[in-house]
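Asks: Here it is, the structure in full.
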């Protein structure tokens, strides 16, 4: 990852502020502090989470221990009156600079360890984005440059201007879209992969419900993979994972994360949680041993095409660069 080094498993912090039920700041801060104790030092946030409140949460949690953590944040969406404007993007150089100044203020930090473009802006050449981040790196406000949900061609163009340290994209046992065209480019260029939703928004952890049973405001209500007949077929597809977990005396989430970790040292998943018990289980995935036969069985059981439903609605998929 171009010199960026972090623990084997990171922590996605979005759910501490939105998407999966009500926030609990006191418990969230306990989880953030416990993460450091467990050797989990890589924390993922964004100006869009809240908006803004998630960065503020990390700022309060880490203001007296900034040197112990690696914080990744993101820019690139458009906001108006403190609210995100749908999926509209804005990666103009001046907008990137304003976003970074806002993030630094909310994080109570002089620098951002890893700065991602949250989604590609089709109106701004990626070379201009990379050039602006390169300036911020020279100024000491950013340490490393990352991209999110982009394809191989965009990675190459950006990397030619300034080294890309990491790509953040959805990747898990049941979302394998990167394997054909993207991961080979990452390996060629020495770029790390940071899979978000490595547990399929909780589906691969087991014990989930169909979409309609989740409360309003929970994003799983709108995930096609949780809905109607898709839910039933996806539970069947994931049964192999659950069986392996039971045989090994592990949690299903640990098996799903161990599968990712066995794919390479350049892969650092960021499962999200706001509960200590799940944090400890997730970090413990680093000790789970999978055999070559286990990996082959999981690869086959949850191969591309075995999972029903798209991961995003069409209007959000339009922002994915593939």
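The values are calculated or read from the model by the stated rules, or taken from the named source; none is laboratory data. Since the model is a prediction, treat every value here as computed from it, not as a measurement. Cβ: placed from backbone, ideal geometry, glycine included. Neighbour counts: every protein chain shown.
Asks: For segment 228-249, state whether one or more residues are in a loop (DSSP other than H, G, I, E, B) and either buried (at least 17 other Cβ atoms within 10 Å of the Cβ) or in contact (Cβ under 8 Å) with a residue 60 or more places away in the chain (or both).
Replies: No - not one qualifying residue is present in segment 228-249.
Asks: Out of all the residues in segment 151-159, is one or more more than 30 Å from residue 33 (Cα to Cα), in a loop (DSSP other than H, G, I, E, B) and modelled with pLDDT of 95 or more?
Replies: Scanning segment 151-159 turns up at least one residue that is more than 30 Å from residue 33 (Cα to Cα), in a loop (DSSP other than H, G, I, E, B) and modelled with pLDDT of 95 or more.
Asks: Can I ask one more? Only residues that are in contact (Cβ under 8 Å) with a residue 40 or more places away in the chain, buried (at least 17 other Cβ atoms within 10 Å of the Cβ) and either under 17 Å from the mean Cα position of the chain (by Cα) or part of a helix (DSSP H, G or I) (or both): list them for segment 279-312, please.
Replies: Listed by number, the residues that qualify are 279, 282, 283, 285, 294, 298, 301, 311.
Asks: If you go through segment 172-200, how many residues are closer than 16 Å to residue 282 by Cα and touching a strand residue (DSSP E or B) at 6+ places or on another chain (Cβ under 9 Å)?
Replies: Looking only at that region, the number is 8.
Asks: Could you check residue 271 against (1) at positive phi; (2) under 23 Å from the mean Cα position of the chain (by Cα) and say which number it fails?
Replies: (1)
Asks: Check residue 221 against each of (1) assigned to a helix (DSSP H, G or I); (2) more than 19 Å from the chain's Cα centre (by Cα); (3) touching a residue at least 12 places away in the same chain (Cβ under 8 Å) and name the one condition it does not meet.
Replies: Just one mismatch for residue 221, condition (3).
Asks: If only one of 34, 98 is surrounded by fewer than 16 Cβ atoms within 10 Å (Cβ to Cβ), touching a residue at least 24 places away in the same chain (Cβ under 8 Å) and not in a loop (DSSP other than H, G, I, E, B), which one is it?
Replies: Unique residue meeting the criteria: 34.
Asks: Of all residues in segment 55-95, how many are closer than 26 Å to residue 4 by Cβ and without any contact (Cβ under 8 Å) to a residue 12 or more places away in the chain?
Replies: 2
Asks: Mind listing just one residue for me: the one in segment 37-54 that is closer than 20 Å to residue 9 by Cα and in contact with a strand residue (DSSP E or B) (Cβ under 8 Å, 6 or more places away or on another chain) and, of those, surrounded by the fewest Cβ atoms within 10 Å (Cβ to Cβ)?
Replies: Kept after step one, since they are closer than 20 Å to residue 9 by Cα, are these residues of segment 37-54: 37-46, 54.
Cutting the leftovers down to in contact with a strand residue (DSSP E or B) (Cβ under 8 Å, 6 or more places away or on another chain) gives us 40-46.
Working: 40: 24, 41: 17, 42: 24, 43: 25, 44: 25, 45: 28, 46: 25.
Once the filter is applied, the top-ranked residue is 41.
Asks: Name the single residue, out of those in segment 1-31 being in contact with a strand residue (DSSP E or B) (Cβ under 9 Å, 6 or more places away or on another chain) and part of a helix (DSSP H, G or I), that is nearest to residue 187 (Cα to Cα).
Replies: Once the filter is applied, the top-ranked residue is 14.
Asks: Within segment 254-268, can one find any residue that is crowded, with 22+ Cβ neighbours inside 10 Å, within 21 Å of residue 114 (Cβ to Cβ) and touching a strand residue (DSSP E or B) at 6+ places or on another chain (Cβ under 6 Å)?
Replies: Yes, the conditions are met somewhere in segment 254-268.
Asks: Right, another one. Kindly establish whether residue 129 is in contact (Cβ under 8 Å) with a residue 60 or more places away in the chain and within 22 Å of residue 196 (Cβ to Cβ).
Replies: Here the answer is no, as residue 129 does not meet what is asked.
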